[in-house]
1. Among (1) in the same structural domain as residue 171 (by TED's automatic domain parsing); (2) surrounded by 14 or more Cβ atoms within 10 Å (Cβ to Cβ), there is one condition residue 27 misses while meeting the rest; what is its number?
2. Just checking, how many residues over region 59-85 are in contact with a helix residue (DSSP H, G or I) (Cβ under 9 Å, 6 or more places away or on another chain) and under 21 Å from residue 46 (Cβ atoms)?
3. What residue, among those in region 1-31 that are β-branched (Val, Ile, Thr) and within 20 Å of residue 91 (Cα to Cα), is modelled with the lowest pLDDT?
4. Which ones in region 1-53 are over 19 Å from residue 85 (Cβ atoms), among the β-branched types (Val, Ile, Thr), assigned to a loop (DSSP other than H, G, I, E, B) and in contact (Cβ under 8 Å) with a residue 40 or more places away in the chain?
5. Among the residues of region 88-121, count how many are closer than 25 Å to residue 70 by Cα and outside any loop (DSSP other than H, G, I, E, B).
6. May I ask you to list the residues in region 59-87 that are basic (Lys, Arg) and part of a helix (DSSP H, G or I)?
7. List the number of the failed condition for residue 138; all other conditions in (1) within 22 Å of residue 7 (Cβ to Cβ); (2) of a type in the set (Lys, Arg); (3) in contact (Cβ under 8 Å) with a residue 12 or more places away in the chain hold.
8. Scan region 169-176 and tell me whether some residue there is aliphatic (A, V, I, L, M), in the same structural domain as residue 14 (by TED's automatic domain parsing), in contact with a helix residue (DSSP H, G or I) (Cβ under 8 Å, 6 or more places away or on another chain) and over 15 Å from residue 31 (Cα atoms).
Amino acid sequence: MTGRPLRIALTGGIATGKSYCLDAFARLGAPVIDADTLARGAVEPGTPGLALVVRRFGGGVLAADGRLNREALGRLVFKDADARRDLEAIVHPEVYAGILRWFEGLSGAPAGVAEIPLLYETDHAGDFDRVVVAACSRDEQKRRAMARDGLSDAEAERRLDAQLPIDVKRQRADAVVDTGGSLAETDRQVRAIWEKVVG
């Protein structure tokens, strides 16, 4: 690890506040990257990734402008574990390659933070020096997901069930940010983690 920035992965579950925590790290001066941004880039029009998605799932997952219709694709993959695995096999290698390139390009910082929602599910925790989990109760996850994404109760349950339970992720983490309280409390926890890294 000596001679290069620490590689920190930030993960959690659906609607546990990962993106808020990533922004909080950024406000403290941490270089940050979001795996979801890389995942979107991997299936932009004209990419091999989008061609593979259409070949696997059909033209019904495309919007009128030729872009990926994420809602249509989501309805397919969250009902079918095999379909979800097939999608992940297309997107995840490109995402992790992009994250690795980003970390290799970092210089002058004690650490970088990569937000990776499915870190444990894809068995990549070992690629990082530290894993931070953003966590709240399952009931809170469900409430937030329904409010934020307009999901039904059943849809929210399916998405929660598609991920490793948040309590398991808590147990595996090097550090946990409990996002069930106020934003100020979340900020305090993120600051404590970052100060420990830079200190």
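1. Only one criterion is unmet by residue 27, namely (2).
2. Selection size over region 59-85: 11.
3. Of region 1-31, the ones β-branched (Val, Ile, Thr) are 2, 8, 11, 14, 16.
Still in the running and within 20 Å of residue 91 (Cα to Cα): 11, 14.
Details: 11: 97, 14: 92.
Applying the filter and picking the extreme gives 14.
4. 16 - this is the single residue of region 1-53 that is over 19 Å from residue 85 (Cβ atoms), among the β-branched types (Val, Ile, Thr), assigned to a loop (DSSP other than H, G, I, E, B) and in contact (Cβ under 8 Å) with a residue 40 or more places away in the chain.
5. Going through region 88-121 one residue at a time, the tally reaches 14.
6. Of everything in region 59-87, those that are basic (Lys, Arg) and part of a helix (DSSP H, G or I) turn out to be 70, 75, 84, 85.
7. (1)
8. Checked against the condition, which is being aliphatic (A, V, I, L, M), in the same structural domain as residue 14 (by TED's automatic domain parsing), in contact with a helix residue (DSSP H, G or I) (Cβ under 8 Å, 6 or more places away or on another chain) and over 15 Å from residue 31 (Cα atoms), region 169-176 yields at least one hit.
The values are calculated or read from the model by the stated rules, or taken from the named source; none is laboratory data. Here the structure is a predicted model, which is why all the values come from computation and not from measurement. Positions of Cβ are generated from backbone atoms using ideal geometry, with glycine treated the same way; all protein chains shown enter the neighbour counts.
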